[in-house]
Amino acid sequence: MLVHDWMGVPSVIPPTVSAFDASAELFMRDVGSLFISSESEGLVGVVSRKDLLRIAISGSDMKSIPITMVMSRTPKLVFIYDNESLFHAAKLMKMHEIDSLPVVERDENNGKHILKVIGRITKTTIVKALVSLGE
(Lines give C-alpha, C1' and ligand atoms only; values in the text may rest on other atoms or scores of the structure.)
Protein backbone atom coordinates (compact mmCIF):
# COMPACT_ATOMS: atom_id res chain seq x y z
CA MET A 1 0.00 0.00 0.00
CA LEU A 2 1.59 3.21 -1.19
CA VAL A 3 1.02 6.76 -0.03
CA HIS A 4 -0.06 7.99 -3.48
CA ASP A 5 -3.00 5.55 -3.43
CA TRP A 6 -4.31 6.89 -0.11
CA MET A 7 -3.27 10.53 0.17
CA GLY A 8 -5.90 13.21 0.52
CA VAL A 9 -6.08 16.82 -0.54
CA PRO A 10 -3.62 18.95 1.45
CA SER A 11 -4.69 22.00 3.42
CA VAL A 12 -2.14 24.61 2.42
CA ILE A 13 -1.89 28.28 3.35
CA PRO A 14 0.70 30.92 2.42
CA PRO A 15 3.24 32.17 4.99
CA THR A 16 1.73 35.66 4.76
CA VAL A 17 -1.43 34.91 6.79
CA SER A 18 -1.96 35.77 10.45
CA ALA A 19 -2.41 33.25 13.24
CA PHE A 20 -6.05 34.38 13.42
CA ASP A 21 -6.66 33.69 9.72
CA ALA A 22 -4.89 30.33 10.01
CA SER A 23 -7.10 29.42 12.95
CA ALA A 24 -10.21 30.29 10.93
CA GLU A 25 -8.95 28.19 7.99
CA LEU A 26 -8.19 25.24 10.26
CA PHE A 27 -11.73 25.14 11.59
CA MET A 28 -13.44 25.96 8.29
CA ARG A 29 -11.59 23.09 6.60
CA ASP A 30 -12.12 20.84 9.66
CA VAL A 31 -8.51 19.60 9.71
CA GLY A 32 -5.97 19.11 12.48
CA SER A 33 -3.11 20.94 10.81
CA LEU A 34 -2.27 23.27 7.96
CA PHE A 35 0.82 23.17 5.77
CA ILE A 36 2.50 26.49 5.08
CA SER A 37 3.91 26.75 1.59
CA SER A 38 4.90 29.39 -0.93
CA GLU A 39 5.53 29.25 -4.67
CA SER A 40 9.15 30.32 -4.28
CA GLU A 41 10.13 28.32 -1.18
CA GLY A 42 7.78 25.35 -1.22
CA LEU A 43 6.94 23.76 2.13
CA VAL A 44 8.21 26.00 4.92
CA GLY A 45 6.18 24.90 7.93
CA VAL A 46 3.19 23.26 9.57
CA VAL A 47 0.80 24.56 12.21
CA SER A 48 -1.47 22.38 14.32
CA ARG A 49 -4.56 23.00 16.44
CA LYS A 50 -2.33 22.78 19.51
CA ASP A 51 -0.01 25.48 18.18
CA LEU A 52 -2.90 27.85 17.54
CA LEU A 53 -4.61 27.06 20.83
CA ARG A 54 -1.38 27.84 22.69
CA ILE A 55 -1.32 31.32 21.11
CA ALA A 56 -5.04 31.89 21.70
CA ILE A 57 -4.93 31.08 25.43
CA SER A 58 -1.83 33.23 25.93
CA GLY A 59 -4.02 36.27 25.36
CA SER A 60 -1.97 37.45 22.37
CA ASP A 61 -3.61 39.36 19.54
CA MET A 62 -3.77 36.58 16.96
CA LYS A 63 -4.53 39.05 14.17
CA SER A 64 -1.12 40.68 14.62
CA ILE A 65 0.92 37.48 14.88
CA PRO A 66 2.22 36.11 11.57
CA ILE A 67 1.77 32.37 11.13
CA THR A 68 5.53 32.12 10.59
CA MET A 69 5.97 32.92 14.31
CA VAL A 70 3.72 30.03 15.34
CA MET A 71 4.49 27.25 12.84
CA SER A 72 7.01 24.44 13.12
CA ARG A 73 9.66 25.07 10.49
CA THR A 74 11.82 23.00 8.21
CA PRO A 75 14.13 21.15 8.85
CA LYS A 76 12.11 19.95 11.89
CA LEU A 77 9.21 19.02 9.62
CA VAL A 78 8.39 15.41 9.03
CA PHE A 79 7.11 14.61 5.55
CA ILE A 80 6.76 11.69 3.18
CA TYR A 81 7.01 11.10 -0.57
CA ASP A 82 4.09 9.63 -2.51
CA ASN A 83 6.04 6.51 -3.57
CA GLU A 84 6.70 5.44 0.04
CA SER A 85 4.63 2.88 1.92
CA LEU A 86 1.64 3.69 4.05
CA PHE A 87 3.26 1.57 6.76
CA HIS A 88 6.28 3.92 6.74
CA ALA A 89 3.89 6.90 7.05
CA ALA A 90 2.25 5.27 10.09
CA LYS A 91 5.65 4.62 11.68
CA LEU A 92 6.68 8.25 11.15
CA MET A 93 3.47 9.55 12.72
CA LYS A 94 3.88 7.23 15.71
CA MET A 95 7.57 8.02 16.19
CA HIS A 96 7.07 11.79 16.01
CA GLU A 97 3.67 11.77 17.77
CA ILE A 98 1.95 13.73 15.02
CA ASP A 99 -1.50 13.42 13.44
CA SER A 100 -0.67 14.04 9.78
CA LEU A 101 2.10 14.21 7.23
CA PRO A 102 2.48 16.39 4.18
CA VAL A 103 3.08 14.38 1.03
CA VAL A 104 5.72 16.14 -1.02
CA GLU A 105 7.65 15.93 -4.24
CA ARG A 106 10.96 17.55 -5.00
CA ASP A 107 10.68 20.49 -7.37
CA GLU A 108 13.01 23.12 -8.67
CA ASN A 109 12.41 26.84 -8.59
CA ASN A 110 15.07 29.09 -10.15
CA GLY A 111 17.76 26.49 -9.52
CA LYS A 112 16.68 25.99 -5.91
CA HIS A 113 15.34 22.61 -4.77
CA ILE A 114 12.06 22.93 -2.89
CA LEU A 115 9.45 20.55 -1.47
CA LYS A 116 6.10 20.96 -3.19
CA VAL A 117 3.07 19.79 -1.17
CA ILE A 118 0.93 17.42 -3.25
CA GLY A 119 -1.15 15.65 -0.60
CA ARG A 120 -1.55 14.63 3.01
CA ILE A 121 -1.75 11.46 5.05
CA THR A 122 -3.58 11.44 8.38
CA LYS A 123 -4.25 8.94 11.15
CA THR A 124 -7.74 8.61 9.71
CA THR A 125 -6.20 7.63 6.37
CA ILE A 126 -4.27 4.86 8.11
CA VAL A 127 -7.44 3.59 9.80
CA LYS A 128 -9.29 3.55 6.47
CA ALA A 129 -6.48 1.53 4.91
CA LEU A 130 -6.53 -0.98 7.78
CA VAL A 131 -10.31 -1.36 7.47
CA SER A 132 -10.00 -1.99 3.74
CA LEU A 133 -7.38 -4.67 4.41
CA GLY A 134 -9.69 -6.36 6.90
CA GLU A 135 -12.55 -6.40 4.44
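The values are calculated or read from the model by the stated rules, or taken from the named source; none is laboratory data. Worth saying up front: this structure is predicted, and the values here are computed from it rather than measured. Ideal geometry is used to build each Cβ from the backbone, glycine not excepted, and the neighbour counts take in all protein chains shown. The area values use the complete protein model at the heavy-atom level, side chains included, leaving out ligands, DNA and RNA. Shrake-Rupley method; radii C 1.70, N 1.55, O 1.52, S 1.80 Å.
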Item checked: Segment Ser60-Phe87, extension gain: residue separation times 0.36 nm, minus the distance between their alpha carbons -> 5.8 nm
Notebook entry, point to check: What dipole magnitude, in Debye to the nearest 20, does the chain give about its Cα centre under +1 on Lys/Arg Cβ and -1 on Asp/Glu Cβ?
Noted result: 400
Check: Mind checking which lysines have their C-alpha under 24 Å from Lys91, skipping anything on the same chain fewer than 8 residues away?
Finding: Lys50, Lys76, Lys116, Lys123, Lys128
Notebook entry, point to check: Rg and Dmax of the range 76-121 over Cα atoms: what are they, in angstrom?
Noted result: 11.5, 36
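Can you list, largest first and rounded to whole Å, the semi-axes you get for the range 59-135 by taking the square root of 5 times each eigenvalue of its Cα gyration tensor? Present the calculation step by step, with values, prior to reporting the outcome.
On the way: eigenvalues 150, 78, 22 Å².
Semi-axes (√(5λ), whole Å): 27, 20, 10.
What full-extension length gain, to one decimal in nm, is calculated for Asp30 and Arg106 as 0.36 nm per residue of separation minus the Cα-Cα distance?
24.6 nm
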Next item on the list: Measure off 7 Å from each Cα along the Cα-to-Cβ vector at Glu41 and Val78, then give the distance between these two points in nanometres to one decimal.
Entry: 2.3
Next item on the list: Using every Cα-Cα pair within the range 57-96, state what percent have a distance larger than 13 Å.
Entry: 67
Item checked: P(r) tail fraction, the range 1-115 - alpha-carbon pairs more than 17 Å apart, % -> 57
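Send over a whole-number figure in Å² for the accessible area per residue of the range 1-129, probe 1.4 Å.
Details: 7550 Å² over 129 residues.
Here the per-residue accessible area is 59 Å².
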